[in-house]
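Colleague: I'd like to ask some things about the structure below.
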Amino acid sequence: MAKTRQTIKKIILEYIYNLEALGITVHKVIIFGSQAKGTFTEDSDIDIAVISNEFEKMGLWERAKYLGRAARGIPYPIEAIGFSPSQLEKSEQGTLIDEVKRSGVEIQI
């Protein structure tokens with residue numbers, strides 16, 4: 001099934017709903033990678049950076065646990081990475097979050 005921008009947004013909104021049901025309040029979502037660049041194929045996953053204050057006090061593995069649980073039941077592959085707002089602000093050049101900030105597209109939620 002081809003993924004249109006509307007379909008992608010609907011998938012991301014469902015994912016955010018799942019995250020919030022787990023107690024993670026989402027501040028911002030930024031789509032990056034092939035979906036943001038317009039170079040995606042039918043087999044491409046959806047790469048997103050999820051920004052939440054709750055991630056401030058969590059380690060990497062705990063974040064991954066919540067992000068993985070939120071993807072359950074969604075019939076499209078989602079690769080989500082969690083960051084806190086302070087991490088988004090303090091990103092260094094050449095890091096993944098720097099790439100997300102430079103080439104990503106914020107999804108209105």
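The values are calculated or read from the model by the stated rules, or taken from the named source; none is laboratory data. What you see is a predicted model, and the numbers here were worked out from it, not measured in a lab. As a convention, Cβ positions derive from the backbone with ideal geometry for all residues, glycine included, and neighbour counts pool all protein chains shown.
Colleague: Tell me, please, whether a residue that is polar (S, T, N, Q) and more than 13 Å from the chain's Cα centre (by Cα) can be found in the stretch 75-85. Don't jump to the end; show me each part of the working.
Modeller: Of the residues in the stretch 75-85, the ones polar (S, T, N, Q) are 84.
When the remaining residues are screened for being more than 13 Å from the chain's Cα centre (by Cα), the result is none.
No, there is no match, as no residue in the stretch 75-85 is polar (S, T, N, Q) and more than 13 Å from the chain's Cα centre (by Cα).
Colleague: Being among the aliphatic types (A, V, I, L, M) and assigned to a strand (DSSP E or B) is the filter; apply it to the stretch 78-92 and report the residue that is nearest to residue 9 (Cα to Cα). Step through it out loud before you land on a result.
Modeller: Step one: filter the stretch 78-92 for residues among the aliphatic types (A, V, I, L, M), giving 78, 80-81, 88.
Still in the list and also assigned to a strand (DSSP E or B): 78, 80-81.
Numbers: 78: 12, 80: 14, 81: 17 Å.
Across the stretch 78-92, the extreme among qualifying residues is 78.
Colleague: Look through the stretch 28-56, keep the residues that are among the aliphatic types (A, V, I, L, M) and touching a Pro at 6+ places or on another chain (Cβ under 9 Å), and return whichever of them is modelled with the lowest pLDDT.
Modeller: Top of the filtered list is 46.
Colleague: Identify all residues within the stretch 34-59 that are in contact with a Phe, Trp or Tyr (Cβ under 9 Å, 6 or more places away or on another chain) and free of Cβ contacts under 8 Å to residues at least 24 places away in the same chain; write none if there are none.
Modeller: Hit for the stretch 34-59 is 34, nothing else.
Colleague: Which condition does residue 91 not pass, out of (1) modelled with pLDDT of 95 or more; (2) among the polar types (S, T, N, Q); (3) touching an Asp or Glu at 6+ places or on another chain (Cβ under 9 Å), if it passes all the others?
Modeller: (1)
Colleague: Here's something else I'd like to know. Test each condition in (1) out of contact with any helix residue (DSSP H, G or I) (no Cβ under 7 Å at 6 or more places or on another chain); (2) at pLDDT 90 or above; (3) under 20 Å from residue 109 (Cα atoms); (4) not small (Gly, Ala, Ser) for residue 25 and report the one that comes out false.
Modeller: (1)
Colleague: Moving to a separate point now. If we scan the stretch 97-107, do we find a residue that is farther than 26 Å from residue 42 by Cα, hydrophobic (A, V, I, L, M, F, W, C) and either assigned to a loop (DSSP other than H, G, I, E, B) or touching a strand residue (DSSP E or B) at 6+ places or on another chain (Cβ under 6 Å) (or both)?
Modeller: No.
Colleague: Then there is this: Report, by residue number, each residue of the stretch 88-106 that is under 13 Å from residue 27 (Cα atoms) and surrounded by fewer than 16 Cβ atoms within 10 Å (Cβ to Cβ). Steps first, please.
Modeller: At the first step, the residues of the stretch 88-106 found to be under 13 Å from residue 27 (Cα atoms) are 88, 106.
Within the stretch 88-106, just 106 meets the criteria.
Colleague: Looking at residue 13, is it more than 14 Å from the chain's Cα centre (by Cα), at pLDDT 90 or above and not charged (D, E, K, R)?
Modeller: No: the conditions fail for residue 13.
Colleague: Restricting attention to the stretch 60-89, which residues are of a type in the set (Lys, Arg), touching a helix residue (DSSP H, G or I) at 6+ places or on another chain (Cβ under 9 Å) and free of Cβ contacts under 8 Å to residues at least 40 places away in the same chain? Even if it seems obvious, please write down each step before you answer.
Modeller: The initial filter retains those residues of the stretch 60-89 that are of a type in the set (Lys, Arg), namely 63, 65, 69, 72.
With touching a helix residue (DSSP H, G or I) at 6+ places or on another chain (Cβ under 9 Å) added as a condition, the list becomes 63, 69, 72.
63 - this is the single residue of the stretch 60-89 that is of a type in the set (Lys, Arg), touching a helix residue (DSSP H, G or I) at 6+ places or on another chain (Cβ under 9 Å) and free of Cβ contacts under 8 Å to residues at least 40 places away in the same chain.
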